[in-house]
Amino acid sequence: CLGGLLTIRGTKKVLQILEKSRKCAQNMSKSPSSSLPLLQWPYCLRRCSYCNFNKYISREDNDHIMTECIQRETETLLRLSQVSCITSVFFGGGTPSLAHPSTIAAVLQTVSRWARLSDKAEVTLEVNPTPVGKSKLEDYCRAGVNRFSIGVQSLQDEDLKILGRDHSSHQALQTVEEARRLCPGRVSVDVMFGRPKQSVESWENELSELLRVCDDHVSLYQLTLERGTRLFKQVLGGEVTVPAEDVTAEMYRCARRTLQQRGFLQYEVSNFARHKAASHHNTSYWKGRQYIGVGPGAHGRFVPLGEGGVHREARTQTLEPDVWIREVRQRGHGTRRRIQLGHLELLEEVLVMGLRMTDGINHEHWEMFSPHLGLREVFGTSREVQELLQSGQLILDDRGLRCSWDGLVLLDSMLPALLVELERQIGPSLQRDHHTDGSPH
Amino acid sequence: MASTQTDTIDLSKFPVDRIRNFCIIAHIDHGKSTLADRLLEMTGAIVKTQKNKQVLDKLQVERERGITVKAQTASLIYSHQGQQYLLNLIDTPGHVDFSYEVSRSISACQGVLLIVDANQGIQAQTVANFYLAFEAQLAIIPVINKIDLKNADPERVASQIEKVFDIPCNECIRISAKLGTNVEAVLQAVVDRIPPPVASIDDPFKALVFDSNFDHYRGVVANIAVFGGRVRKGDRIVSAYLGKSYEVNELGILRPDEHPTQKLFAGQVGYMVTGMKDVKEAQIGDTLYLKEQPVETLPGFKPAKAMVFAGMFPTDQSDYPGLRSAIERLTLNDSSVTVQRDSSMALGAGWRLGFLGLLHMEVFNQRLEQEYNASVIVTAPTVPYKAVLSSPRLIKNRRGIQKNMVYIDDKRVMMKYLFPLNEIVVDFYDLLKSLSSGYASFDYENAGYQAADLIKMNILLNGQPVEELITIVHRGRAYSAGKAMCERLQDSIPRQMFEIAVQASIGSKVIARETIKAYRKNVLAKCYGGDITRKMKLLKKQAEGKKKMRLIGNVEVPKDAFINVLKRKDK
């Protein structure tokens, strides 16, 4: 059965281990608690026309080898990061639901062996809603998965074809239903807008239909044309057209409004939840917690305390599965790139990620990364920031810094100014002596 | 081929009759610099490797653009029939803008290698440079290059040379500089056909400053051609121009890198460091002599005539001193730039600079940024008008009034027109050159002030006037000029969080308008894992770009928007 399913082209399993936050003296990177393991399983059965992820087609049945290597790399990186407690695990990438449930179980076991995997930990699996995917859901639950993220994308069958998907909308809805049965209140649905031939009206209808059957979490993504994808070429060649910019802007606007009306709280640019069903995993990304990426092409951010490191690093695992497998076998992990994040770079990420959340960055959270310079000190004096505050796009108050409802839509227009200001304020202080006195805040 | 001699060369071993001073002149891309590379290799000045490409092009901007901007010098040692010769080569730029550099180099030489592409044949600069050399009465050795290429037709080009320049076909040397074919014959021709310099070692020391560089640590490094006598390290010499005296700190020849020596002799070309610190002390065309032995000064240079003008202002007034010293240093090495102080209401204190052409201006700008890290705003210059009444009135018409037409010889005609200066300040010269395939040359004189039918046109961004773009236009052309400027601005200014109205107006009347739409949505959909790194990179790049923008009202305008608008190339 391993063989049958695993003519798998490949899925990226993204194992991300969430770190529990702890305030620390100088910077988060010193805290050795937990992080998010991200497992990348780089295989898919086919490539969707819009996809530019790291995906491959496997020629032999090497699911067993992959599993083994993922376990190995998980162990190596857990030990390297000295993470002690794991609050979330995420299986993503290509198509994790092509992997065998036993693979999931094995990986979770490895995680438990090398760190404490809390009972309440969120374990998410991305699901491609084909009948095959649906049939495995129950086994995944048994293996330890307690949250599903289902790639519905569209409820129009013709659109699914254009997107290169391998399921029908009916099959997708059935998968959602099954997932809701198994993990009620813990199912997320991914939908795409800005698709070819879509209009604001057809989008609104589609959304209504979806809202009748979905669970408590929706992720809305605007279709972006990435260089090198089939869809990009088709659009360039004029075979396919995507809606104009102001149309997609309108689609986003009314989706936000509609979801709000139905009781969903938008907590991030693209993520909406009700009944507290927000994704713990993704929220941690945006809050600047540490995370470990395992598998070909996975990304991570953690401090390699195990080898005496003191700075948080941005790490990427080798992209090609075969090469990655070789490296894992040779030295326990296949890390291709490691870049140290200095104080300023870390703050930049905290800023950019944090503002994507509707709650933004609160003062205490900022203080964990920047104990000497608060938000007001960094941003309060800039003329440009003042203008953004006055125009109502940005809010800086007792809670912290965040975008307004209207401001969120234009976040990327505001970020350059904020980054310039951050650099201006933090830059000079980088010359100061940064030895920690060890006293926690 | 001579052996590689990298150590001390005894220059006293080279009497005047075994010295040759020559330069290579040609139309752009006909292969001057490649031939220079080969000559350097063949005489051992540089080791023969694959990497020898345009060795003499030292400036970053030269390498990037593949053009020679500044003439460089190299001294080569060549063995011919048992004798050693000192050949001084001066590389020259090919672009029409830099013909001034060519005439300076020529003044230090006795002969030229005139290179012609075996396929393209004689081109505009070939002719222009030929005349420069011919008028200076130099020996001219025609060299037909690129014979290795498929379309090469050396026979045709040789007869073209004979017809146009009156030089016998059999005098043409056919080579491939790239492959090195027959280049040895060029060296022999330099020895055989170019006369040695007329200079005697027994005369009192006399040298011409034909170029200079400014070195941060040593001060001015002057390139000199010794026309008589000898000079030694430690000698006290005088500059005729200022009458000031200096001690010779350093002396040497260029191989092409500096090779210090103790002495330089008559007929030789090299460099001298005298501790001159002030930019104004080193005057191109100056004569140097020994303190106790004053001489008659050499004829100086006609100063280059500026054809293209622009205003240059620091991005911020606090950068003014930095920009001033950068311009001073750069113009020391490029005396064909005319400099005048200027000031603008919006931009503060700055300069009005004159260049030999648009390329010259662009290269100057690029060098300012690359070599001196200067951040500059370039604008249309403020051409002085005399106001008769409350509004300025000048005749301004692209159609000049023809005054005169004279035939110089059976191939050249000179036409005199009366033009308003403003019409020609930016791109008239460039356009003239391109319309005539570079053959036309152009000179002007100030004809005084005349009355005209002009109006002042404003450019507004969201109602805010942009001072730097105020132009004076002829009433009949206002609409088309205004529309064109608005369109160009629309292309140069990035979208912002609000709509931007770009308008051209005369008085309070809007005569043209373009709109830059506001962003309605600008936020990345997905931001997980690998997206983060990519997004951060993009955002940081945008943040950097932001720092270089100017704020007009609340509109962010990139620096190069101004120059894009002013380059009115209607093709």
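Each reported figure results from applying straightforward, stated rules to the coordinates on display, with no laboratory input. From a predicted model like this one, the values you see are computed outputs, not experimental measurements. Cβ sites come from the backbone with ideal geometry, for glycine too, and all protein chains shown count toward neighbours.
Averaged over peptide B:529-541, how many Cβ atoms belonging to another chain are found within 10 Å of each residue's Cβ? Please list the in-between numbers first.
Values: counts 19, 11, 2, 8, 7, 0, 6, 9, 0, 3, 8, 8, 1.
Taking all residues of B:529-541 together, the mean is 6.
What is the average number of partner chain Cβ atoms found within 10 Å of a Cβ in A:415-426? Working shown, then result.
Numbers: counts 10, 11, 4, 2, 7, 7, 1, 1, 4, 1, 0, 0.
Counting Cβ atoms of other protein chains within 10 Å of each residue's Cβ and averaging gives 4.
Could you calculate the FRET efficiency of B:ARG534 with B:GLU328 from 1/(1 + (r/R0)^6), where r is the beta carbon distance between them and R0 is 45 Å, rounded to 0.05?
E(calc), rounded to 0.05, equals 0.55.
At q = 0.18 Å⁻¹, what base-10 log of I(q)/I(0) does the Debye formula yield for the stretch A:239-336 when every alpha carbon is treated as an equal point scatterer in vacuo?
-0.90
What does the average come to when, for each residue of peptide B:505-515, you count the partner chain Cβ atoms lying within 10 Å of its Cβ?
Details: counts 0, 0, 0, 0, 0, 0, 0, 0, 0, 0, 0.
Average per residue, whole number: 0.
Taking the Cα centre of each part, how many Å lie between the stretch B:496-550 and the stretch A:323-376?
One Cα centre to the other: 27 Å.
Using alpha carbons only, what's the Rg to Rh ratio of the stretch B:211-264 with Rh from Kirkwood?
Checking Rg against Rh, the ratio lands at 0.94.
Count the net charge of all other residues whose Cβ sits under 11 Å from the Cβ of A:GLU268, scoring Lys and Arg as +1 and Asp and Glu as -1.
That sum, taken over residues with Cβ under 11 Å, equals +2.
Under the definition of Cα pairs under 8 Å and six or more residues apart, what whole-number percent is the relative contact order of the stretch A:139-288?
Relative contact order for the stretch A:139-288 comes out at 22 percent.
Taking 7 Å along the Cα-to-C-beta vector as the label spot, tell me the A:ARG326-A:SER168 distance in nanometres, rounded to one decimal.
4.5 nm
Listing A:TYR285, B:TYR131, A:TYR291, B:TYR78 from the residue with the fewest other Cβ atoms within 10 Å to the one with the most, what is the order?
B:TYR131, B:TYR78, A:TYR285, A:TYR291
Using θ = phi - 60° and the Karplus relation 6.51 cos²θ - 1.76 cosθ + 1.60, list the HN-Hα couplings for the stretch B:113-120 in order, rounded to whole Hz, with x at every Gly or Pro.
9, 9, 8, 10, 5, 5, 9, 6
To make sure I understand, if each residue's beta carbon is the centre and we count other beta carbons within 10 Å, what order do B:ASP211, A:ASP166, A:ASP139 fall in, fewest to most?
On the way: B:ASP211 25, A:ASP166 17, A:ASP139 14.
The order, fewest Cβ neighbours first, is A:ASP139, A:ASP166, B:ASP211.
Taking the Cα-to-Cβ direction at A:ARG274 and at B:ASP319 and moving 7 Å from each Cα, how far apart do the two end points lie in nm?
The modelled label-to-label distance comes out at 5.5 nm.
What is the spin-label model distance, in nm, from B:ARG218 to B:ARG495 if the labels are put 7 Å beyond Cα along the C-beta direction?
5.6 nm
Within 10 Å of each residue's Cβ, count the other Cβ atoms and sort A:HIS372, B:HIS360, A:HIS281 from fewest upward.
Listing A:HIS372, B:HIS360, A:HIS281 from fewest to most nearby Cβ atoms yields A:HIS372, B:HIS360, A:HIS281.
By how many nm would the segment from B:ALA518 to B:SER79 lengthen if fully extended, with 0.36 nm per residue of separation less the alpha-carbon distance?
That pair, B:ALA518 and B:SER79, stretches by 150.9 nm at full extension.
To the nearest 0.05, what FRET efficiency results for A:ILE395 and A:SER208 with a Förster distance of 35 Å applied to their C-beta separation?
So the FRET efficiency works out to roughly 0.65.
Post the alpha-carbon centroid distance, the stretch A:101-135 to the stretch A:265-319, in whole angstrom.
17 Å
Quote to one decimal, in nm, the extra length available between B:ASN151 and B:GLU369 on full extension: 0.36 nm per residue of separation minus the C-alpha distance between them. Intermediate values should be presented prior to the final figure.
Details: separation 218, 0.36 × 218 = 78.48 nm, distance 4.02 nm.
Extra length from B:ASN151 to B:GLU369 when fully extended: 74.5 nm.
Give me the distance between the Cα centres of the stretch B:135-156 and the stretch A:146-192, rounded to whole Å.
What the calculation gives is 74 Å, centre to centre.
Any idea what % of Cα-Cα pairs in the stretch B:168-261 are farther than 15 Å?
Roughly 74 percent, once rounded to a whole number.
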